[in-house]
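To keep things clear, I will list the structure first and then write my remarks on it.
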Amino acid sequence: MKKFPDGFLWGGATAANQYEGGYLSGGKTLAVADVFTGGDQNNPRMVSFKTKDGEVGRVTSKESVPEGATAHVIPDQYYPSHVATDFYHHWKEDIALFAEMGFKSYRFSINWTRICPDGLQEVNEEGVQFYGDVIDELLKYGIEPVITLNHFDMPAHLADVYDGWSSRETIDNFLFYCDVVFNAYKDKVKYWMTFNEINILSGYTKLGIHSNDPQTTYQAKHHVFVASAKAVELGRQINPDFEIGMMVCYLLNYPIDSKPENVFASLQFNRDLEFYMDVQVNGEYPHYKLKEFEREGIEIKMEDGDLELLKRGTVDYIGFSYYMTSVSDVYASEEGRVIGNQMAVHTNPYLEVSDWGWAVDPLGLRVALSKIYDRYRVPMFIVENGLGAYDTVEEDGSINDDYRINYLRDHIKAMNDAIHLDGVELLGYTPWGCIDLVSAGTGEMEKRYGFIHIDLDNDGNGDMSRSKKKSFDWYKQVIESNGENLD
């Protein structure tokens, strides 16, 4: 194996609503993620709300929340984000473990409502100080902070009062928040991303909208595009050395066979991923999406200057998550589908699958890197990748997660080939859930990704103690050798 480029950003990634906890501590207010219950493979997560008439209800994230309903915490109901795996009280301990592994970078998100209560234009200095302390601790160990500005953290107040991203007022509130954190950390943070997995933002939980109809959804997404472009412009004004990227869930799709219908269905699936990069990298709505809007009767309301803004506010790099691939088969039944990173897809009969039915496809990562880089020619950053699996704690406390090591080793080899054989410019690699956290898709703890185990179960029971898995020392060795030693 050849070494990775000098300065390659090895590290790990987490998200505030899945890891941080302290959901109403230190001046933080309610986010929609805080009314998202737990679940598992057989029981979906539910969003709890209260109607105008005072009735309490729950729906899945795929269903619409009634008009006028507001986010509501049901007493005695378990909400994983309220404590998550408690980075809020363990951050020094956890960062020390990251440093022991040799992290060069750490990707995390800032909780909007911890900085700006209710997402409005006021500053919670205690929240600013908290993240400032976290950043200082990272820098003490030589770890580069990589910050996601919005990772599925929709302020509940903005969702309930303004219908979230369907309102342009949310843009102004988001820009105020960006201005606060950009200025607070302008001399300490270089790498930023605007919105996490922008292509799977939907519904009440992520966009704060009460209706999931296409018109409302795409109008809200237009406002997200505008907010991202404005944030890029603002960041560059505050510090021209900022590197500000986008982030997309890249679930590469293959046709199941060479039947033209399946080839075309795969083209359409991949276009739905590329659309978000087309807007944020090329700075314009692509022709195929405009034609789709025309066919579906979707009319995006824009203000004067929006299209010019999208052109000016293009991103510096593409961050993306990669866990699995999928196939298109127009003749398959719905029974052959699996939920992969919150997207329903057909499984590939030629690939092994994880405990959660996700296809394991290391070569697909090389294909994805080459495909994206060939199309956009901007630096790439793999900011999520990993294997969600059941871990067993042995009697002696050890966790022998060779399956995780094998998964990561094979994907790192694919990255190495993409760099040295295909000429892809890759900034770094931050495997997802470098420390155990709550699953975004199912809300459970049993689906573990981390190099570090946390004593907590699906119901919130456990003492939160941290312990190293076998993969901890393996990844430390990978980083020490700059990717040369994967044994």
#### Entry: Protection proxy ranking of 191-204, 229-242, 109-122, 79-92 - average other beta-carbon atoms within 10 Å, highest first
191-204, 109-122, 79-92, 229-242
### Query
Using 7 Å Cα-to-Cβ label points, what is the GLU125/LYS291 separation (nm, one decimal)?
5.7 nm
### Message
Cut-off 19 Å, label point 7 angstrom out along Cα-to-Cβ of ASP213: give me the residues of the range 59-95 whose amide nitrogen falls inside.
### Response
62-69
### Task
Give the Rg/Rh ratio for the range 134-221, taking Rg as the radius of gyration of the Cα atoms and Rh as the Kirkwood radius, to two decimals.
1.06
### Query
Of (i) 137; (ii) 224; (iii) 145, which is the value of volume of the Cα convex hull per residue in Å³ derived from the coordinates here?
(iii)
### Query
So what are the ³J(HN,Hα) numbers for the range 144-158, from phi and the Karplus equation (6.51, -1.76, 1.60; θ = phi - 60°), rounded to whole Hz, Gly and Pro as x?
6, x, 10, 10, 8, 6, 9, 10, 6, 10, 8, x, 4, 4, 5
### Query
Non-local amide H neighbours of GLU197 (under 5 Å, H modeled in plane, Pro and chain starts lacking H): which ones?
MET247, VAL248, CYS249
### Helical contribution to [θ] at 222 nm, DSSP H n ≥ 4, -39,500 (n - 2.57), averaged over the chain, rounded to 500
-11000 deg cm²/dmol
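Going by the alpha-carbon gyration tensor, a ≥ b ≥ c the square roots of its eigenvalues, is the range 223-280 rounded (a/c under 1.5) or, if a/c is not under 1.5, prolate (a/b greater than b/c) versus oblate?
The shape class here is prolate.
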### Query
What is the total of Lys pairs in the range 1-110 with C-alpha atoms under 24 Å apart, excluding same-chain pairs fewer than 8 positions apart?
7
### Summary
Whole-Hz Karplus couplings 3J(HN,Hα) for the range 422-429, θ = phi - 60° and coefficients 6.51, -1.76, 1.60, Gly and Pro as x, run 9, x, 6, 8, 10, 6, x, 8
### Note, ³J(HN,Hα) from phi for the range 443-459, Karplus 6.51, -1.76, 1.60, rounded to Hz, x at Gly and Pro
x, 9, 9, 5, 7, 9, 10, x, 7, 10, 8, 10, 6, 7, 10, 5, 9
## Note on the structure
So the number of lysine pairs in the range 338-487 with alpha-carbon atoms under 24 angstrom apart, 8 or more residues apart or on different chains, is 10
### Summary
Simple SL model, points at 7 angstrom along Cα→Cβ for ASP6 and ASP402; separation in nm is 3.8 nm
### Query
LYS230: which lysines have alpha carbons under 16 Å from its alpha carbon, excluding same-chain residues fewer than 8 sequence positions away?
LYS221, LYS311
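Every number here is computed from the coordinates shown, using simple stated rules; none is lab data. Values in this document were obtained by computation on a predicted structure and should not be read as measured data. Cβ sites come from the backbone with ideal geometry, for glycine too, and all protein chains shown count toward neighbours.
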